[in-house]
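Just below is one structure, and these are the notes that go with it.
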Amino acid sequence: MDFLLNDVQRMLQDSIRKFVEREIAPHAMEWEENMEFPMDVMKKLGNSGFLGIPYPEKYNGQGLGYQEYIIVLEEIAKASAALAIALAVNGLPQLILDKFGNEKQKMEYLPRLSSGELTGGFSLTEPDYGSDAKSIKTMAEKKGDYYIINGTKRFSSQGGVADVYVVFARTQNTGSSHDISAFLVTKDIKGVSFGRHEKKMGLNATPTREIYFDNVRVPAENLIGEEGIGFKIAMIALDSGRVTIAATAVGIAESAKNYALEYAITRKQFSRPIVEFEGVSFPLADMETKINAARLLTQRAAFLRDNNLPHSKEAAMAKVFATDTAMEVTTNAVQILGGNGYMRDYPVERYMREAKVMQIVEGTNQIQRLVISRLMVREISRQI
Ligand code: COS
């Protein structure tokens, strides 16, 4: 295994760093304060090729993999976790179409999702069903050449901003996960409406809203794959999504650590830089160690994914470890800055608020541990 970035990856890292420095870092705080989704920057990311990294060139992608995609996500997350999440969410319909869409669906949506002309969303969670995704209640009833969708989705990232959503709904009602199907639903179809912008602890530069489906007539050709494979599609998409969240968490943690380190070198107490006190330097050492471990786990999950090898457990481990690390690192960064850390004039309290939701999105960390332990049992059972 090569622990160094190759030439392509290094060039990609350089170019996204320049993009972030120019287009994202100077404005990220303002977007958060104003609860403003930077659609123009999202489109510029698309124009520069950053939205299509792991998708085939035939569909306007870069023909690279998740090992490259996570480099871009980490760099964006260092400046704006909200924008990194926007990319990750946009990526869910992209990867679903790439893996399960038919040629017509791919041609219609993939190039435009990669160029930034369209923005994508993912609608699984409902008011009463989050972790227990198998039990969702949204129904899709077949009527001739249409499915009629009724139900409510919750916590939809980029709700209202996204143009096209992969929506999960039951086409049968037997209680099995095989009842669930996946549909492409555009926001302009009659009967689709959105709730208020949720008031969140962080990530305010990307809206989170409910989506209501009231007798929405979706053409039958918008079914993805076939009826009954929707839950599997969701789980496979989330396996990849968890790698993107891990990369985002690494980016947040890296920024918090860097800020705390610089602060500790320049801030003096008792006539010495506070970095000379073990109470400060040892937490910084732990931050560096854990961030590196989190990045390696994320790279390994991405490597397995890119090579079509099983990666559900590795993606869950990367997500758990990277997001728990981000929470610990950002909390300790606030502590190192002391009273200043608690002030909004400094960025570390924002990093801490952003880290918190990473332990929740794309499956809570309790669900990740469930996934990991179940797969451990399955692996050992095969050997005995
Ligand atoms: N890849 C492919 N298929 C998978 C899969 C995966 N990673 N995980 C589960 N499946 C399949 C199973 O093989 C099973 O198929 P069969 O019925 O054909 O055997 C089916 O899906 C049901 O799986 P399972 O019985 O394990 O479902 P559970 O309800 O017990 O648990 C969890 C599934 C809890 C892991 C799942 O619901 C989950 O990830 N929940 C969190 C949801 C989430 O992340 N929400 C955030 C969404 S962002 S809007």
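The values are calculated or read from the model by the stated rules, or taken from the named source; none is laboratory data. Every value quoted in this text rests on a predicted model; they were computed, and no experiment measured them. Quick reminder, even Gly has a Cβ in these numbers, built from the backbone with ideal geometry, and neighbours come from all protein chains shown. To get the accessible areas, we keep the full protein, side chains included, count just its heavy atoms, and leave off ligands, DNA and RNA. Shrake-Rupley method; radii C 1.70, N 1.55, O 1.52, S 1.80 Å.
Here are the numbers for the structure shown:
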read-out: Qualifying residue in region 355-370 (condition: within 14 Å of Ala256 (Cα to Cα) and away from the ligand (no atom under 16 Å from the Cβ)); value: yes
read-out: Positions within region 91-118 being open to solvent by 10 Å² or more (accessible area, probe 1.4 Å), within 17 Å of Glu57 (Cβ to Cβ) and not in a loop (DSSP other than H, G, I, E, B), in sequence order; value: Asp98, Lys99, Glu103, Lys106, Met107, Tyr109, Pro111, Arg112, Ser115
read-out: Filter pass, Lys232 being open to solvent by 60 Å² or more (accessible area, probe 1.4 Å) and within 14 Å of the ligand (Cβ to nearest atom); value: yes
read-out: Residue that is farthest from Gly241 (Cα to Cα), among those in region 353-366 that are open to solvent by 40 Å² or more (accessible area, probe 1.4 Å) and in a helix (DSSP H, G or I); value: Arg353
read-out: Where a residue in region 371-384 is open to solvent by less than 90 Å² (accessible area, probe 1.4 Å) and its partner, wherever it lies, is of a type in the set (Gly, Ala, Ser) and at pLDDT 95 or above, with Cβ under 7 Å and at least six apart; value: Val371/Ser312; Val371/Ala316; Ile372/Ala316; Leu375/Ser312
read-out: Any hit, region 38-59, residues being among the basic types (Lys, Arg) and in contact (Cβ under 8 Å) with a residue 12 or more places away in the chain; value: yes
read-out: Matching residues in region 62-85 - criterion: being open to solvent by less than 10 Å² (accessible area, probe 1.4 Å), of a type outside the set (A, V, I, L, M, F, W, C) and out of contact with any Lys or Arg (no Cβ under 9 Å at 6 or more places or on another chain); value: Tyr69, Ser80
read-out: Single match in Glu379, Glu349, Glu278, Glu362 (criterion: over 21 Å from Ala88 (Cα atoms) and in contact with a Lys or Arg (Cβ under 9 Å, 6 or more places away or on another chain)); value: Glu379
read-out: Region 230-251 residues that are touching a residue at least 24 places away in the same chain (Cβ under 8 Å) and among the charged types (D, E, K, R), paired with ones that are near the ligand (Cβ under 6 Å from one of its atoms) and not in a helix (DSSP H, G or I) (beta carbon under 9 Å, 6 or more apart); value: Arg242/Glu362; Arg242/Gly363
read-out: Contacts under 9 angstrom Cβ, first residue in region 117-132 being under 14 Å from Val161 (Cβ atoms), partner near the ligand (Cβ under 9 Å from one of its atoms) and of a type in the set (Val, Ile, Thr), 6 or more apart; value: Thr119/Val89; Gly120/Val89; Gly121/Val89; Phe122/Val89
read-out: Gly52 vs. criteria open to solvent by 10 Å² or more (accessible area, probe 1.4 Å), more than 16 Å from Glu354 (Cα to Cα) and modelled with pLDDT of 95 or more; value: no
